[in-house]
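The values are calculated or read from the model by the stated rules, or taken from the named source; none is laboratory data. No experiment lies behind these values; they were computed from the predicted model shown. Neighbour counts are summed over all protein chains in view; Cβ atoms, including those assigned to glycine, are modelled from backbone coordinates with ideal geometry.
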Amino acid sequence: MDEGIRWTHLKPREISEMMLEEHQLKTSVTTVKKLLNQHRFRRRKAQKSVTMGQVANRDEQFKNIEQLRKVYMESGNPVVSMDTKKKEYLGNFYRDGRLYTQQVIQTNDHDFTSSADGIVIPHALYDLALNHGYIHIGTSKDTSQFACDSIRHWWMSAGQHHYPNATSILLLCDGGGSNSSHYYIFKEELQKLVNDIGIEIRIAHYPPYCSKYNPIEHRLFPHVTLACQGVVFKSVAIVRDLIARTKTATGLSVSVAVFDKLYQTGRKVSDTFRETMPIIFDAYLPKWNYRAMPQLSFTTVI
């Protein structure tokens, strides 16, 4: 604990009893609560807010992302935050949260993944302007190909209809995972994607140790967690229906799709892509900022 923070793990009743035993002061639990409140003692839980590492150009990238967001919003182009939520195993496994039930919910006393009936990997995109989430539930592996298939599905099913005049898509994402800024395979899949959908995608990665600032982390994921809390994930259908119920008083809504495709891990980038990579890196902080432009293919007719 931080030495500058005063704290106690004692409950009000325990404090009341201690006051009587050690100081012969008879104090009610109500009085103890009032005194704690008066001296600004609150029940709090630790917050994951201390950055573990210092990264060069961290603040510069935050300013760059803010500027990109402003430009894209003002031009009517989509700004989409992307990330993969924690994977969940299917089966009779315990999950946090409480429900109104007529009987006690019995789950396995150990969460051995070997007894799981499957896995769900929720890859998500959050449209900042529309306040709408798109979650694609994978049942295989979290790979770069899966991430790009998720983007493709969003664009073909919703994005191009909401943004018919769009000339570019801004994707905000972390620097690791299936969309790692270090992965050539992600860039190769991204290039294939833009060639298919015919629109530029600009990537802006958040610096290492800064994933909590990605908008999807606090605008979408907490509400999805609330919508699913306490329910045992017995099947993909249950997970899909629960996530689809996600909404807030401020208008958040969610669309859900299931991807049953098998994704292969450990794939290597092709030698051709490495040698002739068409990805356009920004002059400013290129390791975190780059664009994939559609490549025209020409067919010669004889």
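Somewhere in the range 205-216, is a residue charged (D, E, K, R) and either closer than 23 Å to Q295 by Cα or in a strand (DSSP E or B) (or both)?
Pass one, the range 205-216, residues charged (D, E, K, R): 212.
Remaining after also requiring either closer than 23 Å to Q295 by Cα or in a strand (DSSP E or B) (or both): none.
Within the range 205-216, not a single residue is charged (D, E, K, R) and either closer than 23 Å to Q295 by Cα or in a strand (DSSP E or B) (or both).
Residues in the range 217-232 that are more than 17 Å from H132 (Cβ to Cβ) and not in a helix (DSSP H, G or I): how many? Going through the range 217-232 one residue at a time, the tally reaches 4. Any residue that is more than 19 Å from Q229 (Cα to Cα), within 34 Å of the chain's Cα centre (by Cα), part of a helix (DSSP H, G or I) and without any contact (Cβ under 8 Å) to a residue 24 or more places away in the chain - is there at least one of those in the range 51-65? Yes, that holds for at least one residue. Among the residues of the range 146-177, the ones that are assigned to a helix (DSSP H, G or I) and of a type in the set (D, E, K, R) come to 2 in all.
Residues checked against (1) modelled with pLDDT of 95 or more; (2) within 23 Å of E275 (Cα to Cα):
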{"site": "G118", "(1), (2)": "yes, no"}
{"site": "Y126", "(1), (2)": "yes, no"}
{"site": "I137", "(1), (2)": "yes, no"}
{"site": "A147", "(1), (2)": "yes, no"}
{"site": "A166", "(1), (2)": "yes, no"}
{"site": "K192", "(1), (2)": "yes, yes"}
{"site": "H205", "(1), (2)": "yes, no"}
{"site": "S211", "(1), (2)": "no, no"}
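Residues in the range 233-251 include at least one that is more than 21 Å from the chain's Cα centre (by Cα), assigned to a loop (DSSP other than H, G, I, E, B) and surrounded by fewer than 17 Cβ atoms within 10 Å (Cβ to Cβ).
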